[in-house]
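Asker: This is the structure I want to talk about, given as structure tokens.
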Amino acid sequence: MNIHEYQAKSLLREFGVPVPNGAPVLKLDDADAAIRQLRGPVWVVKSQIHAGGRGKGSFKEPEAGEKGGVRLARSPEEAKQFIGQMLGKTLVTVQTGPAGKQVNRVYVEDGSLIEKEFYLSMLVDRATSRVAFVVSTEGG
């Protein structure tokens, strides 16, 4: 099952897992409303593609800027600028290969003071027909 980060966080929230508040943006016209839902003063703007390493990735199109697919915005205006730079552009990561993937969704969420990060993945181990958990401190 391929789901985006914003979809996974919505499911986790339904089951009482504390996750940062956020809103998906599918078109630039919806950016202001999504940003206003959040408290700031820092917003995290995240491209939503089915690949890891988004923050370390780069966009093919020069107008997307030199930053990767995950960016910290320090104002609503900067968050909207980042959303506009990402939507419709091609993000290349180590997992996409050189072709990259087009960003059709962006997730904007409240920034958090991060003390320690863990990345969790649940995979179906076909050999045993069980779910395997992969946990890493290195992400992506």
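Asker: Give the accessible surface of the chain per residue, rounded to a whole number of Å², with probe radius 1.4 Å and ligands, DNA and RNA excluded.
Answerer: It amounts to 65 Å² per residue over the chain.
Asker: Rounding to the nearest 10 and keeping the result within 0 to 90°, find how far the Cα-based axis of helix 5-14 lies from the longest principal axis of the chain.
Answerer: Between helix and principal axis, roughly 70 degrees.
Asker: Then there is this: Between the DSSP loop rule and a limit of at most 14 other Cβ atoms within 10 Å, which trypsin sites (Lys or Arg not before Pro) in segment 75-140 are left?
Answerer: The qualifying sites are Lys116, Arg126.
Asker: Further, regarding this structure: For segment 1-59, what log10 I(q)/I(0) values come out of the Debye formula at q = 0.17 1/Å, with one point per alpha carbon and no solvent?
Answerer: The calculated log intensity ratios at q = 0.17 Å⁻¹ are -0.69.
Asker: Could you please state how large a percent of the accessible area of the chain is carbon and sulfur, counting protein chains only and using a 1.4 Å probe?
Answerer: Summing carbon and sulfur atoms, their accessible area is 53 percent of the total for the chain.
Asker: Take the Cα of Lys67, step 7 Å along the line toward its Cβ, and report every residue of segment 19-38 whose backbone nitrogen sits under 20 Å from that point.
Answerer: Zone members listed by number: 20-38.
Asker: If you plug each phi of segment 104-119 into the Karplus form 6.51 cos²θ - 1.76 cosθ + 1.60 with θ = phi - 60°, what whole-Hz ³J(HN,Hα) values come out, in order, with x for Gly and Pro?
Answerer: Computed from phi, the couplings for segment 104-119 are 9, 9, 10, 10, 10, 9, 4, x, 10, 7, 9, 8, 8, 10, 9, 10 Hz.
Asker: DSSP loop chymotrypsin sites (Phe, Trp or Tyr not before Pro) in segment 39-140 with at most 15 other Cβ atoms within 10 Å of their Cβ, which ones?
Answerer: Taking segment 39-140 and a limit of 15 other Cβ atoms within 10 Å, the loop chymotrypsin sites (Phe, Trp or Tyr not before Pro) found are Phe118.
Asker: Excluding residues fewer than 8 places away in the same chain, name every one of the lysines whose C-alpha is closer than 21 Å to that of Lys67.
Answerer: List returned: Lys27, Lys46, Lys56, Lys80, Lys89, Lys101.
Asker: Given a Förster radius of 25 Å and the C-beta distance between Phe15 and Ser121 as r, what FRET efficiency does 1/(1 + (r/R0)^6) yield to the nearest 0.05?
Answerer: Working from the Cβ atoms, E equals 0.90.
Asker: Segment 1-74: which GluC sites (Glu not before Pro) are DSSP loop and have at most 15 other beta-carbon atoms within 10 angstrom?
Answerer: Glu66
Asker: Could you give the distance between the Cα centres of segment 16-31 and segment 89-140, to the whole Å?
Answerer: Using only Cα atoms to place each centre, the spacing works out to 17 Å.
Asker: For the chain, count the residues as N, evaluate 2.2 N^0.38 Å, and divide the Cα radius of gyration by that value, please.
Answerer: 1.08
The values are calculated or read from the model by the stated rules, or taken from the named source; none is laboratory data. Note that the structure is predicted; figures quoted are calculated from it, not measured. All Cβ positions, glycine included, derive from the backbone under ideal geometry; neighbour counts span all protein chains shown. Please note that ligands, DNA and RNA were not included when accessible areas were found on the heavy atoms of the full protein model with its side chains. Shrake-Rupley method; radii C 1.70, N 1.55, O 1.52, S 1.80 Å.
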